[in-house]
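Following: one structure in structure tokens, then a few remarks.
Nothing in this text is a laboratory measurement; each read-out follows from the coordinates by a stated rule. From a predicted model like this one, the values you see are computed outputs, not experimental measurements. Cβ atoms come from the backbone with ideal geometry, glycine included; neighbour counts cover every protein chain shown.
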Amino acid sequence: MLLIDKYAYFNRLKNAHPLEKMILALSLLLFSLAVKDVFVSLITFTLMSAFIIFGAKIPISYYLKLLLLPGFFLLSGTFTILFSFSSNNTSIPNVWLSWNVGSWQIFISEDSIKTVISLIVVVLSSISCLYFLTLTTPITAILHVLRKLKLPSLLIDLVELTYRFIFIFLETAMDIYQSQSSRLGYSTMRRGIRSLGMLISALFLGVFQRSKQLTMAMNARGYQEDISFIEDSYRFSPINWLITIGILVSLIITYILVGGSL
């Protein structure tokens with residue numbers, strides 16, 4: 001079991017109703033994406049991080065590691081926005097830094113800096129909302145809510161099987177990588193490339209075999225196009241609903257007063 005799945009089952013908010021957590025996370029996510037306000041996004045990121053670290057008692061070191069995962073893609077995307085190119089004869093207002101390379105000018109403008117800051121803050125707030133839901137709610141509880149909402153059973157089964165095969169994919173890759181590393185498969189660049197190719201080919205073959213075994217096991221147990229599992233019982237908490245409504249109302253008021261009008 002991966003840590004992200006382990007924390008979903010063992011955290012201080014595990015007994016809260018999954019619908020309450022889903023409404024809180026998704027409503028803040030949609031509101032942040034809709035308004036795209038830096039101040040609102042900072043508040044959302046701070047609140048979600050506080051719920052994760054202090055509410056669910058997720059270790060801060062692990063949470064920071066999770067934030068680093070999308071950091072590379074975020075930085076690679078912001079670099080393309082931060083730097084702009086133009087000819088030397090072009091007049092550009094609000095330039096902070098510029099470099100002349102031949103007949104071209106590479107510059108960083110005030111508008112690009114504001115765009116990058118807004119993008120980073122909005123993305124981090126959105127990621128924190130998704131991490132809150134992922135780290136505090138097991139997949140079975142999320143599927144429980146989807147079933148109560150009368151979503152098609154085929155869609156729910158596909159979500160459950162996809163989630164399961166993600167873990168099979170990762171576990172198989174980790175086992176193969178550890179086996180190759182113990183045999184010095186990545187000691188040199190040439191061996192590393194060769195081992196990586198063997199890992200990819202063996203990985204897809206292993207996952208395909210595991211999928212066939214899972215299909216045979218499900219059919220042997222009377223699978224009838226509907227995956228059944230024991231559902232936990234949850235109770236709604238008026239306090240949680242008041243907290244969710246209070247946060248949403250506060251964010252809306254903050255956006256009206258600071259960011260503009262809806």
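Under a point spin-label approximation (7 Å from Cα along Cα-to-Cβ), what is the Phe236-Met189 distance to one decimal in nm?
The answer from the label model is 6.2 nm.
Could you compute the net charge surrounding Met198? Neighbours are other residues with a C-beta less than 15 Å from the C-beta of Met198; K and R count +1, D and E count -1.
Working: positive: Arg183, Arg190, Arg191, Arg194; negative: Asp175.
Spelling it out: positives minus negatives among the neighbours equals +3.
If packing is taken as the average number of other Cβ atoms within 10 Å across a peptide's residues, how do 185-198, 2-15, 26-39 rank, most packed first? Write down the numbers at each step before the final one.
Working: 185-198: 13.0, 2-15: 15.4, 26-39: 17.6.
Highest to lowest by the protection proxy: 26-39, 2-15, 185-198.
Compare the peptides 115-121, 72-78, 251-257, 19-25 by average per-residue count of other Cβ atoms within 10 angstrom and give them in order, highest first. Mind showing how you got there, number by number?
Values: 115-121: 16.3, 72-78: 12.6, 251-257: 14.7, 19-25: 20.6.
The densest-packed peptide leads the list: 19-25, 115-121, 251-257, 72-78.
Be a star and scan the range 29-65 for residues whose amide nitrogen sits under 20 Å from the point 7 Å along the Cα-to-Cβ vector of Ile252.
29-45, 47-48
What is the local net charge at Leu251, summed over the other residues whose Cβ is closer than 15 Å to its Cβ (Lys, Arg +1; Asp, Glu -1)?
Here the count lands on 0.
Within the chain, which whole H helices from DSSP have a Cα span along their axis of at least 30 Å and a mean Kyte-Doolittle hydropathy of 1.0 or more, if any?
Values: long enough: 110-136 (39 Å, 1.51); 153-182 (44 Å, 0.69); 189-220 (46 Å, 0.44).
Qualifying helices, which must be both long enough and hydrophobic enough, are 110-136.
In nm, what is the difference between 0.36 nm times the number of residues separating Leu161 and Lys212 and their Cα-Cα distance? Before the final figure, lay out each step's value.
Working: separation 51, 0.36 × 51 = 18.36 nm, distance 1.26 nm.
Fully extending the segment from Leu161 to Lys212 adds 17.1 nm.
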